[in-house]
Structure formats: structure tokens, C-alpha cells
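> Quick one: the structure is below, and I'll ask about it shortly.
The values are calculated or read from the model by the stated rules, or taken from the named source; none is laboratory data. This is a predicted model, so every value here is computed, not measured. Using ideal geometry, Cβ is built from the backbone for each residue, glycine included, and neighbour counts are taken over all protein chains shown.
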Amino acid sequence: MTKPSLEHLLHHSPVPMQQIATKVMAGQRISDEEALWLFREGELAACGLLANHVRESRNGDFTFFNRNFHIEPTNVCVFTCRFCSYSREYKHKEEGWELSLQEMLDKVKAYDGKDITEVHIVGGVHPKMDLYFFGDLLAAIKAHRPELHIKAFTAVELDYMFRKAKLTAQEGMEYLRSKGLDSIPGGGAEIFAEDIREKICADKCDASRWLEIHEATHNAGMRSNATILYGHIESYEHRVDHMRRLRELQDRSGGFQTFIPLKFRNKDNEMETVPEVALMEDLKMYAIARIYLDNFDHLKAYWPMIGRSTAQITQSFGVDDLDGTIDDSTKIYSMAGAEEQVPVLSTGQLVDLIRQAGRIPVERDTLYNRIRVYEPHEALAES
Ligand code: V47
Ligand code: SF4
């Protein structure tokens, strides 16, 4: 059997695919129309080949992971996103959780002496947990463990904190940075298009505010990530529009590190009747994101959400980043019906998972500095 090759793609596929392949292989940017064509007509294997070409040109055979844990301060939330299985309204706060500063600091202390490089802090938007409460939390974590990278708060949480404190996005980011914030995660982006946002998360910050907060983060000298929540009621046009807005901001600021497609899961939320998309659709999302977002260094598959088997396959469809070891410290996805009900992977398991996919595992820090390259055939000293 002949292996599908880029050469074959250039000469024997439909004309639009040949044109797109020629561009991608020359390192040129594809247009919105071309991305749309790939979503609608592009053969999955061909999209995968092109995405893999981009992935290998940027990151070779390396697949990155880090050692992190999550703190979710609360699931009490003033907003009512219809896809959310996790939040509880303030009036029913007894059904949820609210951690005190000391309880969160104790969670950090539980990792004393362990090789963890990042804490990821994200949760609901609690009306009583304000900017200064979180400023104190950041300062307390840094006082205890200065080298731990703090990646915290989605643009949605930040928008609420800054508005309540009557600060601009730039002032708010500078304040949090002075308290110890190192970077921000990519959540809250969902789908930028106003008509879809209105239907799935009408009351939280809009696309321009999300982008403004990320730009302010980049201007304050910090990096951030970006996500898309795909596979629900959005169209392919909405996905391309979303990625275009990210690509444009990245052209201006260069502050995004990685793009993370998040597959919509329909358990126990108000969108239960919306079916989940199939694996083919997931792989297409990853591949086209890798091809289209030519100014993003990395593409992340969040394994607790899609499961470890799919995470392995995505590495042939553009993905070079699998997030971290996590350690069962997040509930956002298990509550929405994700594959991994108890998301725990040891470093050894993550290394094996990457190697089985034919890639070279690299432990990174949050800013993608390489901490350790697990060369092929090198035995693991620890699990
Ligand atoms: O914005 C909520 C998503 C996001 C569901 O930056 C759901 O490294 C699917 O963004 N089905 C928050 N997705 C988490 C997030 C994230 C995760 C891992 C790493 C990083 C990073 C960021 O979770 C929300 C929303 O898009 N989400 N409910 C659901 N039912
Ligand atoms: Fe609140 Fe975030 Fe859930 Fe929306 S997705 S309801 S902002 S916790």
C-alpha cells in the first residue's frame, strides 16, 4: 500500500487542496475561504498530512507536557453559560464549594518537595471573591514557593474583577502581575461570534473584551493561551471567524503560546440535547487549527477532556502539546461527561503515551523552556 505523501497531495488531490498544500508547504498563510474549504470539503487524511507538516516544521517530533496541578477556588458563578455543568448560582451556593485563602494555600503546600512547575487556578465567577482577595492569594503562593509559575484566571473572571475594582484591563493586569501572576489560561473564549455567544453564554464578557484582556496581558509582559469551544451549535464559518480574530491579535502582540480546541461535552448541562461531534470532526478541528494559525507556536490537546487514546492520535494531526500531569485536581470536564472521570497521569504514563504515538516527550515549563528531553529508548528513572 502506498503511504499518503505530501508529494501525492500536491499533484493528485482536488485543485483547491493542491493550492492550499502548495501554500502551506511554502510557509504561506491560508485565507479564511481556504480554511472553510478544508472544513467543508477537505479530506481528513489530507488535512492531517498538512497539519503534521506544519507541526514537524515548528516542533519536530517533540511533544511537550508539564507538571502542574489545578486549584478551583469556587464553582459558584454569577454567569449562566448554558454549556456549563460545573457552576452553581450564588443563591444555591451550599451546593457548590468556596475555598478560603488558607485552604488554597494548603493545596499548594501539599505539593512541597514535589517536582511541580505550575499551578493553574481557574473557577466560577464568585461575587464576593474580588481582585484584592486574589491578589492576596497570589502573593501568599509566591511567598511560599517563589519559583512556582502561577497561570491563573480566565478573561471572564478578570473582566468581572476589574469592573468591580473600577480598573482598566491594563491597570488590573499590572496589579495582578505585581502580586505574582505569571500568565493567564485560555478559557472563556468559547465562540467569539455574537449570535452564537448570545445563545450559549449571553451574560459573560463579549469577544472584544476577551481579546482586550489578552492584549493587556501581553502588553504587561505576560503570555496567555487561547481556546475555542467547538462542536455544538456553531458553524464552520464561526470557527474560522474565531481563529481569524486570534490570528489578528497574535500578529499585533505575539503573546499567545498555544491554541487549545475544547470539544463540547453535553452531560448535565442545559445543552444536553445537542449531540457531541465524532472523532473525525475533532481531528479536523485540530488539523485545520494547526494549518490556519500559522503564528501560534503550539497546539494543545487537553487529554482529560478528550481521553488519552484520542490525545495520542491528535499528535498526527498537528498537536505537539498535551498539557500536564494534572493529578485529579480539576472537575470542570469530568462534570460535563469527559472521557477521563478521574484525570490522573503520572509522568511515566504521559511519557509512554507520547512515545507510543511515535513522538519524543519533552517536559517543559509553562513558557515552553525545555526541562528534560526523554530521548528515544532512554529508560525512566521515576514514574
Ligand atoms: O471556557 C466548560 C470549557 C473552559 C464545558 O489555558 C467546556 O492551558 C466542553 O479554558 N464541554 C475552561 N468544554 C478551561 C480552559 C483550559 C483548560 C485547560 C488548559 C487551559 C490552558 C485552559 O472549559 C471554558 C469552556 O470553554 N468548558 N464547560 C463543556 N460542557
Ligand atoms: Fe461560570 Fe465559567 Fe461556568 Fe460560564 S463556564 S457559568 S463563566 S463557571
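> Considering each residue of the stretch 277-327, count those that are aliphatic (A, V, I, L, M), over 15 Å from Tyr230 (Cα atoms) and either assigned by TED's automatic domain parsing to the domain that holds Leu36 or free of Cβ contacts under 8 Å to residues at least 60 places away in the same chain (or both), and give that number.
3
> Give the residue that is farthest from Asp203 (Cα to Cα), with candidates limited to residues of the stretch 45-99 that are of a type in the set (Phe, Trp, Tyr) and more than 9 Å from ligand 2 (Cβ to nearest atom).
Narrowing the stretch 45-99 to residues of a type in the set (Phe, Trp, Tyr): 62, 64-65, 69, 79, 83, 86, 90, 97.
If we keep only those that are more than 9 Å from ligand 2 (Cβ to nearest atom) too, we end up with 62, 64-65, 69, 90, 97.
Working: Phe62: 40, Phe64: 35, Phe65: 34, Phe69: 29, Tyr90: 15, Trp97: 22 Å.
Ranking the candidates gives Phe62 first.
> For residues that are among the aliphatic types (A, V, I, L, M), touching an Asp or Glu at 6+ places or on another chain (Cβ under 8 Å) and more than 28 Å from Gln257 (Cβ to Cβ), tally how many sit in the stretch 1-60.
Matching residues across the stretch 1-60 total 1.
> Examine the stretch 118-137 for a residue that is buried (at least 22 other Cβ atoms within 10 Å of the Cβ), under 20 Å from the mean Cα position of the chain (by Cα) and part of a helix (DSSP H, G or I), and state whether such a residue exists.
Checked the stretch 118-137: no residue is buried (at least 22 other Cβ atoms within 10 Å of the Cβ), under 20 Å from the mean Cα position of the chain (by Cα) and part of a helix (DSSP H, G or I).
> Further, regarding this structure: Could you list, in sequence order, the residues of the stretch 59-97 that are in contact with a His (Cβ under 8 Å, 6 or more places away or on another chain), modelled with pLDDT of 95 or more and not hydroxyl-bearing (Ser, Thr, Tyr)?
Step one: list which residues in the stretch 59-97 are in contact with a His (Cβ under 8 Å, 6 or more places away or on another chain), which gives 59, 64, 68-71, 73-74, 76-78, 83, 90.
Pick out the ones that are also modelled with pLDDT of 95 or more and you get 59, 64, 71, 73-74, 76-78, 83.
Listed by number, the residues that qualify are Asn59, Phe64, Ile71, Pro73, Val76, Cys77, Val78, Phe83.
> Filter the stretch 262-292 down to the residues that are within 16 Å of ligand 2 (Cβ to nearest atom) and either in a strand (DSSP E or B) or under 17 Å from Glu190 (Cβ atoms) (or both) and list them by number.
Passing the criteria: Leu262, Lys263, Phe264, Arg265, Asn266, Asn269, Glu270, Met271, Val274.
> Tell me which of these Glu95 doesn't satisfy, since it passes every other one: (1) out of contact with any Gly (no Cβ under 7 Å at 6 or more places or on another chain); (2) more than 16 Å from ligand 1 (Cβ to nearest atom); (3) within 30 Å of Ile313 (Cα to Cα).
Of everything listed in (1) out of contact with any Gly (no Cβ under 7 Å at 6 or more places or on another chain); (2) more than 16 Å from ligand 1 (Cβ to nearest atom); (3) within 30 Å of Ile313 (Cα to Cα), Glu95 misses just condition (3).
> Restricted to the stretch 147-165, and to residues that are under 13 Å from Val108 (Cβ atoms) and among the aliphatic types (A, V, I, L, M), which residue is nearest to ligand 2 (Cβ to nearest atom)?
Checked the stretch 147-165; the qualifying residue nearest to ligand 2 (Cβ to nearest atom) is Ala152.
> OK, next. Restricting attention to the stretch 159-182, does a residue exist that is touching a strand residue (DSSP E or B) at 6+ places or on another chain (Cβ under 7 Å), assigned to a strand (DSSP E or B) and buried (at least 21 other Cβ atoms within 10 Å of the Cβ)?
No: the stretch 159-182 contains no residue that is touching a strand residue (DSSP E or B) at 6+ places or on another chain (Cβ under 7 Å), assigned to a strand (DSSP E or B) and buried (at least 21 other Cβ atoms within 10 Å of the Cβ).
> Shifting gears a bit: Can you tell me which residue is surrounded by the most Cβ atoms within 10 Å (Cβ to Cβ) among those in the stretch 73-113 that are within 28 Å of Leu367 (Cα to Cα), of a type outside the set (A, V, I, L, M) and touching a residue at least 12 places away in the same chain (Cβ under 8 Å)?
Ranking the qualifying residues of the stretch 73-113, first place goes to Pro73.
> Another question, then. Does Gly42 count as crowded, with 20+ Cβ neighbours inside 10 Å and touching a Ser or Thr at 6+ places or on another chain (Cβ under 6 Å)?
Considered against the rule, which asks whether it is crowded, with 20+ Cβ neighbours inside 10 Å and touching a Ser or Thr at 6+ places or on another chain (Cβ under 6 Å), Gly42 comes out as no.
> Within the stretch 302-383, which strands (runs of 3 or more DSSP E) (wholly inside it) include 2 or more residues that are at pLDDT below 90 and touching a strand residue (DSSP E or B) at 6+ places or on another chain (Cβ under 9 Å)? Let's see the steps before the verdict.
Numbers: elements: 321-324, 360-364, 370-373.
The strands (runs of 3 or more DSSP E) meeting that bar are 321-324.
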